[in-house]
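Below: one structure, written as structure tokens.
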Amino acid sequence: MSDNSVNFTASTDKTRFELDTIYNFLTNSYWAEGCPKWLVKKTIDNSFCFGIFADNKQVGFARIVTDYFTFAYLMDVFILEEFRGKGLSKILLKEVFHHPKLQTISRWMLATNDAHGLYSKFGFIANPRPEIYMIKSVDVNLNHIKEDNQLA
């Protein structure tokens, strides 16, 4: 896709990802506010990720935690503010859902405060059976964990 001579492309090539761009967005987001940079890098290293680029500048991101067969959790999806309104989130999500490595996934999950309309266009619905799903949240003090997952 192009927009006035800007070429938009999506990629899973982590060598193209701009850690500073991803970190700067996520650490200011409502879902990852204050997250340390080393943790953002570790989550990227341990997930299947997609970037969207305007020429060679990263302008969006999506991260999937998956077993590559039955289950995937979509998270950390964003488009930089100055690139919104160009359909890039839809392009990014189409790349995610059409990727060959993810074609056997039968259960996708995500959490969002404000993008229900976007995700519903890709088949997401509110949990129809919340009585069978459970979550466990644990407060983790990241100040006591070093980058190599060892206690400080």
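The values are calculated or read from the model by the stated rules, or taken from the named source; none is laboratory data. Predicted model, so just to flag it, every value in this text is computed and none were measured. Here the Cβ positions follow ideal geometry from the backbone for every residue, glycine too, while neighbour counts run over all protein chains shown. We work out accessible area using only protein heavy atoms, side chains counted, and drop any ligands, DNA or RNA first. Shrake-Rupley method; radii C 1.70, N 1.55, O 1.52, S 1.80 Å.
For the reader, a short list of remarks on this structure follows.
- Top-ranked residue of region 77-93 - restricted to ones that are closer than 22 Å to F48 by Cα and either of a type in the set (D, E) or in contact with a Phe, Trp or Tyr (Cβ under 8 Å, 6 or more places away or on another chain) (or both), ranked as most open to solvent (accessible area, probe 1.4 Å): I91
- Counting only helices (runs of 4 or more DSSP H) that sit wholly inside region 1-117, those with at least 3 residues that are in contact (Cβ under 8 Å) with a residue 12 or more places away in the chain and of a type in the set (K, R) are 37-45.
- The sole residue among T15, T21 that is of a type in the set (S, T, Y) and open to solvent by 50 Å² or more (accessible area, probe 1.4 Å) is T15.
- The lone exception for C35 - which of (1) at pLDDT below 95; (2) buried (at least 16 other Cβ atoms within 10 Å of the Cβ); (3) closer than 25 Å to N127 by Cβ it fails: (3)
- Within region 38-76, considering residues that are open to solvent by 80 Å² or more (accessible area, probe 1.4 Å) and not acidic (D, E), the one farthest from L19 (Cα to Cα): F69
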